[in-house]
Structures are given as structure tokens and as C-alpha cells.
1. Could you check residue B:95 against (1) part of a helix (DSSP H, G or I); (2) within 11 Å of another protein chain (Cβ to nearest Cβ) and say which number it fails?
2. Before we move on, is residue A:266 touching a residue at least 12 places away in the same chain (Cβ under 8 Å), touching a helix residue (DSSP H, G or I) at 6+ places or on another chain (Cβ under 8 Å) and more than 14 Å from chain B (Cβ to nearest Cβ)?
3. Residues that are free of Cβ contacts under 8 Å to residues at least 60 places away in the same chain: find the strands (runs of 3 or more DSSP E) completely inside region A:63-122 holding 3 or more of those.
4. Among the candidates B:87, B:116, which residue alone is within 13 Å of chain A (Cβ to nearest Cβ), in contact (Cβ under 8 Å) with a residue 12 or more places away in the chain, surrounded by 24 or more Cβ atoms within 10 Å (Cβ to Cβ) and not in a loop (DSSP other than H, G, I, E, B)?
5. So which of A:133, A:90, A:114, A:110 is touching a helix residue (DSSP H, G or I) at 6+ places or on another chain (Cβ under 8 Å) and crowded, with 24+ Cβ neighbours inside 10 Å?
6. State yes or no: is residue B:102 within 27 Å of residue A:132 (Cα to Cα) and either at the interface with chain A (Cβ under 8 Å from one of its Cβ atoms) or at pLDDT below 95 (or both)?
7. Would you pick out the residues in region B:190-237 that are more than 22 Å from the chain's Cα centre (by Cα) and within 27 Å of residue B:103 (Cβ to Cβ)?
8. On the given criteria, is residue A:40 surrounded by 20 or more Cβ atoms within 10 Å (Cβ to Cβ), in contact (Cβ under 8 Å) with a residue 60 or more places away in the chain and part of a helix (DSSP H, G or I)?
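The values are calculated or read from the model by the stated rules, or taken from the named source; none is laboratory data. These numbers come from a predicted model, not from an experiment. Positions of Cβ are backbone-derived with ideal geometry, glycine not excepted, and every protein chain shown enters the neighbour counts.
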């Protein structure tokens, strides 16, 4: 296979990854720092026979991709924190009707309009808990342009496989970074499971996989979708037992498949006495800091979350090695660290390291932090 | 109309006795039947409210979305599969308040969908609150002394936003309503029908409009056909609602949201 290395921007890599994954419908609304994705899609979609539409806001953007998804397309929208806030009702709807959709969220400094061109990791918890009600979301976090490309393909595949919204949680720096990437590999694509027999068709009836086999609109199955609690037929019910079973199934269809969904990257945690846990752009500084500490003879290690949600405490515990000290650097006032504290309780020393001035955490800052805090 | 257009197992419906929604739904099904559309290629999309429950009583593919959001979902469906006939079933509040922005932008794009507004002048599902189509001075639960806000003229709103087919009808004029819904669906481009219904439970009771039957029959007193209205002076039309076809423009493909040709 010939290598095809090209210089690409993070946002462009998301757009190209989506096209490689079979995405043929994009609806979006301009917002810094994700606008380039819409711009690339506006140019590229017609070339591949797909559809691009600029909607009137982020509310309609997510609803339009839900509609296109129900009609059978692989779909993407892209936004940043303020737009992602507007998408929350649609996100909950997609969870409830089990519409495969992918949302790229490029984090900028918030809250509110904040600092539009400055990086942050302040929207981590919004991806998990932004919409109301009990619900489950898959969240993937790239740390490079190459990974933005690969994880976009993976996000589309997971959305189609599990019929669930998937969020790609990027940030301003990854979005605007330019790096060489290899796009020569032909990706393995996953297609949603479709029904083959109209007799006794029940869109929300599931087998052991707990993933429903729902027909695309216009294929003769006469499906009914609703955000109301619904039974296997897809029709509304106020039956508490049906409601409970539905919400449990929405959880279990993901949690029964954590081996397939969850990915970490761990670096020398086995013998480490200090482990850094991070995601996204911050993990790149961690990687360099670990290298420096090792060269100084310090047994340092790193655990990088590629999948942020579902978050499985047992897996984190066993992936973390035996380090006495866990440092959690992040570009917010402490969000990932809440989950890490939940995993370890008082059994380890959990040290938050936060930066909220709109700049990145540098490797040198991590080294200084370790020194100053006597870690 | 063939009865197989309804899912009989989903009946009876949730609507109150005397509600006008059933008449509009019947007119819609009648229009679809007259057009001899392939029922497998018809998708009904609705928002939230009494009228938005209508699609789930039909045997077509149907998508009950969020409050105000039926139009963007319908836009996504239509653009993803242009072979489908996509019809939005919505109410006055759903389409003109929370969904008002989506309504004007879909009209501007001239996306080839049909919006049927079941207009009963109030929010029935939540107990009779005022909507942007509630006439000024009317009593609602959120305007106990009469609403001060002026209503939208939905027909002019849609026309001004660029809709290429706009009509209004009333449930008393059932054949008129069927004809205009049929023409709206057959129209190539964005079409809207303001289907004036009634809510005897809330709007009618609060505003002393009489029984459901009296409300229905009264439409012939306060509605006037456009062909008749065109010959009258504005003074003669005070207090009257004009029904008929207001906009019917053959779409210009260059400006109508047609998918662009593949580029090299």
C-alpha cells in the first residue's frame, strides 16, 4: 500500500475522516473554532454525491442530521461549546430514538462566549451530562491531527453499530494544528443493522445485543419514532416498567460492549510511582514530561483517555498500575479529576493540575509542578 | 379515503370531544389518497402538541420530534432522500413560536416539503395558553385579561419568507381544505397550509365561542373565500379571515435548494 502523507489541519482531518467513513450528509452553523469543517464539507460533499446544508442555528443543525440519519445517511455536524449548548435537546432526542449521529465539539474557553479563539477543556462534563434525563453517550478524544482523522472514522462506525450519538471532543488547538497524516489506509466501515422481514416488524425489539434493528425511512416498514418513552413498536407509553426497561437497555447496549468501545493509551504505568491521567491536547505535554522525568530517573507513566465516556471505573483502576500518586492535568477547574477521585477514593494521592488562562499546559510546567508540589 | 391509512390499533386518539384536529387529519389523508402517492414513500414529521400526535395515528412512516423542531428534521429527511414526500404536521405554537425561525428559513430555502399548521389559536396540550396566532384581546390562561400581543398573519409570514405555495382553509370547508392540502403536497417547493381548526375545551370556552358545533359552523360567518374577498374593500373585510390560495409560484430551480450538480 502506497503511503499518502499530506499536511492537514485538525478540522480538515475530521472532515476528510468523515468522508472516508461514508458520511454523506453534513448540516452545520459557523462557529469558531470548528468553522473550517463546514467550509471543507461545503466544497467536498458535492464531489462525493453527498449533501451539505448551512442551517439557521445549531438547534436545526442537529435536528437536520437526525432526519438525514433516519433516512439512511451517515451524518456529521460540527460545533463548539456555545453551539453544543444549543444542541443538547437534539442530543437527548437522538439518544432516545437511537439515531446514529456524530457531533464534533471543538472546545474553546467558556462559559458563554468566553474567549472564542482560546483553547480549553471545559466542556468535558457537558458532553456527558449536557442534556437532561438519564442517558448514555460515547465520547472520543483525539490528541493529534492523525488521530482526529482516525477517530472520526471510528466515531461514525460506533454510531452506526450501536445506534447512539457519538461525540468527538476536540479542542481549539487540535482543530487548528497542522500535521502530516497518512490517509492511505482504506478504513473498515460499519453499516447499521437493517431489518430483512416486514412480518412482525418491531423497530425497538432487540436480541441479546440490545441494539434495535430499525428500518430507514421510506423503505416500506412504516416506522414510528418518538422522543416519548416508547415500547418495542415505537409507540408512546406511560408504562413505568417499559420506561425502566428502555432506559436500562440504552445503558446496557453500551456497557455490555466496553471492550469494543473503550480505548486508552498507557505509557510505562507498570512500574511507575507517578502516573499522569489526561486527554486531548494536554496529553501531548504529559507525554513529553514523562519522557523528561524518565530521563531524570523518575518512574513516571501516563494514561491517556481516547474514549472518555463510557467511563468504566474498574478498567481505569486496572489500567493505572500501582502508582501512589496520580496527577490529573487539564485545561479547566477540575472535571476529569472528579472521575479519577471516584475511581480511587483515598487509596492514592490524587493531585489536580488546572490551567484556566486560555493557554496550554507545557511539559515544563508539568515538571515544575511535580517539583514544587514534592510529588 | 381508504381506512388503511390509519393505524386502528392506536385509536381512540387523545383529542378532546369537539376538537378540530381530526377533521384536518382526515383532510390530509384524503389529499394523500387523491394524489395516489406510494404510501411507503410518505413521511409525516411532527413537533410537540395536540396536533403533533396526528402522524402516529397514521400508517405512514412518522417522526414525532421535539417542540418546534419538525421542520429541520423534515429538511434533513427530504435532502437525504428526495424521493420521499415529506409532510410536517404542526400546531400554531409549535410552528410559529418555538419553531418560527425554522419555518421562515425553510420557506427561504424553498425546500420541497409541505407544512400543515393545525391552527387552533392556543396551546391545547398544556392547557390553553396563548400562542403567536392567538387573536389580540383573547382570553388564555397566560392572558387572563386578554392578550395584548398582536398575532402573526401566518400566510403573510410564510409568503414574505419566500414560501412558493401558501394557502389557508377552515375545517368547516372540508372540500376546500382537502383541495388546498392536495395542491400544497403536489407543489414542488416549500408549501404551507394554515388549516384553521378549533379548541372548544380551552380557547372556545375561555372566549365564549359556544359549543364545538357552534364554533365549527361559525367559520362560515367569519371566513370569506379569497375570490369573494378580492372584490371587497378593506373596511368590508374587518373581522373576517380570508381563505384560499395566496401564493402559488413555480419554483426557480436555480434558487430552490436543489442539490448541486456533482463537481469535478
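1. Checking residue B:95 against (1) part of a helix (DSSP H, G or I); (2) within 11 Å of another protein chain (Cβ to nearest Cβ), the one that fails is (2).
2. Values: touching a residue at least 12 places away in the same chain (Cβ under 8 Å): yes; touching a helix residue (DSSP H, G or I) at 6+ places or on another chain (Cβ under 8 Å): yes; more than 14 Å from chain B (Cβ to nearest Cβ): yes.
Criteria met by residue A:266.
3. A:74-80
4. Of the residues listed, the single one that is within 13 Å of chain A (Cβ to nearest Cβ), in contact (Cβ under 8 Å) with a residue 12 or more places away in the chain, surrounded by 24 or more Cβ atoms within 10 Å (Cβ to Cβ) and not in a loop (DSSP other than H, G, I, E, B) is B:87.
5. On inspection, the qualifying residue turns out to be A:90.
6. On the way: within 27 Å of residue A:132 (Cα to Cα): yes; either at the interface with chain A (Cβ under 8 Å from one of its Cβ atoms) or at pLDDT below 95 (or both): yes.
Yes.
7. Those that are more than 22 Å from the chain's Cα centre (by Cα) and within 27 Å of residue B:103 (Cβ to Cβ): B:206, B:207, B:230, B:234, B:237.
8. On the way: surrounded by 20 or more Cβ atoms within 10 Å (Cβ to Cβ): yes; in contact (Cβ under 8 Å) with a residue 60 or more places away in the chain: no; part of a helix (DSSP H, G or I): yes.
So residue A:40 fails the test.
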